[in-house]
There are 2 protein chains.
Amino acid sequence: MQQPWSLSSSSSSGPHGDILGPDLPDIWTPIATPPPLPPLNQDSSTKLTPTIIDGKSIAEEIRAGISEEVRQMKDAIKKVPGLAVVLVGQRMDSKNYVEYKTKACQEVGIESLLAEFSEDCPEEDIVNAVTELNRDPSVHGILVQLPLPKHMDEERILSAVSVEKDVDGFHPSNVGNLAVRGREPLFVPCAAKACIELLIRSGVELRGSNVAVVGRSKVVGLPTSLLLQRHHATVSNVHAFTRNPGDITCQADIVISAAGVPNLVRRSWLKRGSIVIDFGTNRVEDTDSELGYCVTGDVCYEEALQVVSAITPVPGGAGPVTIAMLLSNTLESAKRTYGFN
Amino acid sequence: MQQPWSLSSSSSSGPHGDILGPDLPDIWTPIATPPPLPPLNQDSSTKLTPTIIDGKSIAEEIRAGISEEVRQMKDAIKKVPGLAVVLVGQRMDSKNYVEYKTKACQEVGIESLLAEFSEDCPEEDIVNAVTELNRDPSVHGILVQLPLPKHMDEERILSAVSVEKDVDGFHPSNVGNLAVRGREPLFVPCAAKACIELLIRSGVELRGSNVAVVGRSKVVGLPTSLLLQRHHATVSNVHAFTRNPGDITCQADIVISAAGVPNLVRRSWLKRGSIVIDFGTNRVEDTDSELGYCVTGDVCYEEALQVVSAITPVPGGAGPVTIAMLLSNTLESAKRTYGFN
């Protein structure tokens, strides 16, 4: 029983007890086939012609720049950036991601190194491998491909990555220095950087804009929301516990979605003329496709096209730019290590 | 000129360039005497009787609990918690705050130690003093009273405080571990803890509630918004660059204000039945008062009373609970140091 004088926090176990809130998973209700919406009442004079933000070609431009910088570094100091990727288990999607990433490294001249582990290997082996990579002077970035197998302690493994090689930007001090204006993290998470890059390159004014961020993972939602605030946007965070999320998103000038739920963002969630960045990468069954599935975002794309002024497609939108940012973070890390500008 | 392939970030100076956004101050337009609002059209049957959240007595209860724990610690291990306060310069408000804090320590049996410096002392002296305090085993918490004189590097001085004695919760890894669900910071900033404590003790359901946080300082707005999200509230952050902030706050079930601007939050900003926590502590000229000024919050209190269901007054609301949380953080730190439960 709680004593009358005790802190609310004293009633539960941890050192902070209730104060930190219960750690609940975000469980959205997925909609396999969304019910059709009535046709939009608009004549041709008010019809929008939305810009499809071409993430693929933006990523190409960024990679070309990185490639050039890597070449200059190699010419000048005979060094190239190195990225180590830690992959545990046999998940097909993880293997595919890792393949994209290492291929992207290769294309720009970044050395990549793959440390593979079986799903049932001792956690200790992975921690030891990360510790080794921390000491390896040819490695400037270490990426642990998520999700890890469920029985593993993700936080323990991630926390083995040194803050100087934390190209994913998950280290507590990198997150904390991103959150506080005036401070400088060593790394900004790739998705957050990609989001800002996509918006700035599309000519979007962030300062004073109203942004809804759907999803709050440490990979996308959280850092993107923190970074948007540093650009003086007004940010609302929508998650699985949000009541009537559409009421919030439909007032936003910009909607960022990273919930991992296909068809979550309907036309009714979007304000006319808004801009949508879709980080969703969801596999949806598709009997017409050779693979038996197709990849879609979180946004009902065809519906969104009826109201938005600009949108990233999936695939070919936020994904390739996020991978380009991983290369950019690895390059920055190598430049910092060698004092090369 | 930006090259076609460069990152947006490459066009400016720092390692992250534009990506982190420009560091702009939050400048609100203060309203000395707000224009009167028309009387609210409500008959007696719909009239709300708002709860005045009694921060003073909540703080007293919390302090009584801390006092008891300090006594138990002293009895059991002959040790008491110790708080060091670093005060630089002669600001009257800072001196007053420090006095409240050290007096509050004394009342619960926490040892306090004041390290005072003149405004023109070398920054190095303060950093050295903090480093000494980090090593002092009788000190479990170190607080640098803000604001520091303008010519000093606040971040440099704050970063000298060891993460284990960071009772204000400003250390990058404490902020980062607060931001990421599932992680545990060593300290949660006092104001954020106070806010949750005030709401929980007032029987407010946080999960799924719509919260607007006005202001985004590292002292109040930022950590409060992060902590509310850990309690699964839907949080919107309003700041000086927000267009039509009232449009956001008036949809919130809970409004937290920490902008430092008297009369900022008008009746029109508040939804009927909402709950208001006011962290504003603003000195306003008052010729009727002996001191020549009175202290008000950010909220037009009399106006708010017409629509809210609960509100903290200023003074006597969030302030005393925030100070109680400083004692709580210092006690937790001492318990951690001595392994005392």
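The values are calculated or read from the model by the stated rules, or taken from the named source; none is laboratory data. Quick caveat: nothing in here was measured; it's all calculated off a predicted structure. Neighbour counts run over all protein chains shown; Cβ positions are idealised from the backbone, glycine included. These accessible areas exclude ligands, DNA and RNA; they are computed on the full protein's heavy atoms, side chains included. Shrake-Rupley method; radii C 1.70, N 1.55, O 1.52, S 1.80 Å.
A few notes on this one:
- Each label point was placed 7 Å from the Cα along the Cα-to-Cβ direction; for residue B:93 and residue A:107 their separation is 5.4 nm.
- Computed with a 1.4 Å probe over protein heavy atoms only, the accessible area of residue A:186 comes to about 50 Å².
- Looking at the protein assembly as shown, the DSSP beta bridges with both ends there are about 15 percent antiparallel.
- Eligible lysines near residue B:271 by straight Cα distance, threshold 21 Å, same-chain separation 8 or greater: B:47
- Counting only protein heavy atoms and a probe of 1.4 Å, the accessible surface of segment B:109-181 is 50% carbon and sulfur.
- The convex hull around the C-alpha trace of segment B:189-317, projected and averaged over every direction, spans 7.6 square nanometres.
- Counting only protein heavy atoms and a 1.4 Å probe, segment A:129-261 has 29 square angstrom of accessible area per residue.
- Most simply put, chain B has about 10% antiparallel DSSP beta bridges, counting only bridges with both residues inside it.
- Using a 7 Å Cα-to-Cβ projection, residue A:136 label spacings across copies, nm, ascending: 4.7
- Prolate/oblate/rounded label for segment B:49-111 (Cα gyration tensor, a/c 1.5): oblate
- Portion, in percent, of the accessible area of segment A:189-320 that falls on carbon or sulfur, probe 1.4 Å: 50
- Selected from B:155, B:123, B:60 as most flexible by GNM, with chain B as the system and alpha-carbon contacts under 10 Å: B:155
- Distances between copies at residue A:25, taken between label points 7 Å from Cα along the C-beta direction, are 4.8 nm in increasing order.
- By accessible area with a 1.4 Å probe, ligands and nucleic acids excluded, highest first: order of A:75, A:286: A:75, A:286
- Oblate is the label for chain A, because the ratio a/c of its alpha-carbon gyration tensor axes (a ≥ b ≥ c) is 1.5 or higher and a/b is not greater than b/c.
- Sites residue A:302 and residue B:78, calculated FRET efficiency, Cβ-Cβ separation with R0 56 Å, nearest 0.05: 0.20
- Per-copy distances of the residue A:103 label point, shortest first, in nm (7 angstrom along Cα→Cβ): 7.0
- Inter-chain shielding of A:224-233 (mean C-beta neighbours from other protein chains, 10 Å cut-off): 5
- Once you reduce segment B:230-252 and segment B:267-328 to the center of their Cα atoms, the two points are 18 Å from each other.
- Proximal charge balance of residue B:262 [Cβ under 12 Å; K/R count +1, D/E count -1]: -2
- Interface residues, segment A:205-221 - accessible area loss of 10 Å² or more versus chain alone, probe 1.4 Å: A:207, A:208, A:210, A:216, A:218
- Calculated [θ] (222 nm, deg cm²/dmol) that DSSP helices of n ≥ 4 give over the protein assembly as shown, each run adding -39,500 (n - 2.57): -11000 deg cm²/dmol
- For residue A:265, nonlocal amide neighbours, meaning residues 5 or more places apart or on other chains whose placed amide H falls under 5 Å from its own, are A:299, A:300.
- Cα gyration tensor shape of the protein assembly as shown, rounded if a/c is under 1.5, else prolate or oblate by comparing a/b with b/c: oblate
- Using a probe of 1.4 Å on the protein chains alone, the accessible area found for residue B:28 is around 40 Å².
- The A and B chains share an interface that buries close to 6300 Å² of accessible area, total over both sides, probe 1.4 Å.
- Interface residues of segment B:158-179, defined as those losing at least 50 Å² of solvent-accessible heavy-atom surface relative to the isolated chain (probe radius 1.4 Å), are listed as B:172.
- Within straight-line cross-link reach of residue B:79, lysines at Cα separation under 29 Å, skipping those fewer than 8 residues along the same chain: B:56, B:95, B:101, B:103, B:165, B:193, B:335
- For the segment B:20-30, counting C-beta atoms of other chains within 10 Å of every residue's C-beta and taking the mean gives 4.
- Dipole size of the protein assembly as shown about its Cα centre, with +1 on Lys/Arg Cβ and -1 on Asp/Glu Cβ: approximately 580 debye, rounded to the nearest 20.
- As a length-normalised measure over Cα pairs under 8 Å and 6 or more apart, the relative contact order of chain B settles at 19 percent.
- Cα centroid separation - segment A:185-202 against segment B:51-107, whole Å: 43
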